[in-house]
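> Below is the structure I would like to discuss, written out as structure tokens.
Derivation of every value follows stated rules applied to the coordinates shown; laboratory data play no part. Just so it is clear, the structure is predicted and the values come from calculations on it, not from any experiment. Positions of Cβ are backbone-derived with ideal geometry, glycine not excepted, and every protein chain shown enters the neighbour counts.
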Amino acid sequence: MFDPQKLLDQFLGSGSQSQNADAPARSGGGLDAVPGSLKGFGGGLAAGGLAGLLLGTKKGRKMAGKAAKIGGVAVLGGLAYKAYNDWQSAKSTGAAGTQTSAEPAAQPAMKNVTPEAEGTAFLPAPAEERNALGVKIIQAMIAAAKADGHIDAAEQKRIFSKFDEAGLGMEEKAFLMDELRKPLDIDAIVGLADNMEQAVEIYAASCLAIDPDDPAEQAYLAMLSARLKLAPDLKTNIEAEIANLAV
């Protein structure tokens, strides 16, 4: 079995930001336009380069920029943890009658929140649980990338031809090919969430993989949040944390 954590970290840009950090950005479009600090995905494509393949040139560059700030699965878990706990705190203070607004107070930096998420449902300590969650997050991101119909059969063929350049192993390629070939099934993505914490993290990952200006993708997110039974103010918290990563 391939390492889901490693693959997800590659999706999100971890482990390669230190590589070629001083390399100059190339000119031109597509993946070559990604800054040098984001080079090095699997030794071949940019960090976020797989996302670039999945999402297309324009969205791929946006995703690569967000990926650099996410840095990996640990920070994604911290982001989801922060959004959820801010929501819980606002609910508690509101119920006590000391706060009626859902507006959160000043929050700690993400680097301080991430360690707090360790060992929680957002970043489970057991390797087996963490790997299972990593697979779910990748599945959610690929499904969200399909929401606008961008990944048709021809696009799948183009993506598959690039996998060797990304240095992916056979099991990684087989997994990604299977996910890309599956028809979009929002119920299957909803069914991945075993608890509310996983629902929050799946939604956060899905938000990363969409273009906020695309109506079809916005409709997908609206349906996903409803099916995941996310409270409107919790959904807003998650989206606000993702928006803070915007390039």
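> ALA240 to MET1: extension gain in nm, 0.36 nm per residue of separation minus the Cα-Cα distance?
Working: separation 239, 0.36 × 239 = 86.04 nm, distance 3.51 nm.
Result for the pair: 82.5 nm of gain on full extension.
> Which order results if GLU201, GLU239 are arranged by neighbouring Cβ count within 10 Å, fewest first? Write down the numbers at each step before the final one.
Working: GLU201 30, GLU239 17.
Ranking GLU201, GLU239 by Cβ neighbours within 10 Å, fewest first, gives GLU239, GLU201.
> Along Cα→Cβ, 7 Å out, is where each label goes; now give me the distance between the ones at ASP194 and ARG158 in nm to one decimal.
In this crude label model, ASP194 to ARG158 measures out at 3.8 nm.
> Highest mean first, what order results for 185-191, 118-124, 81-87, 225-231 on Cβ atoms within 10 Å?
Numbers: 185-191: 14.1, 118-124: 18.4, 81-87: 23.1, 225-231: 16.4.
By packing density, highest mean first, the sequence is 81-87, 118-124, 225-231, 185-191.
> With labels modelled as points extended 7 Å from the Cα through the Cβ direction, what inter-label distance (nm, one decimal) is found for GLU128 paired with MET223?
So the two model labels end up 3.5 nm from each other.
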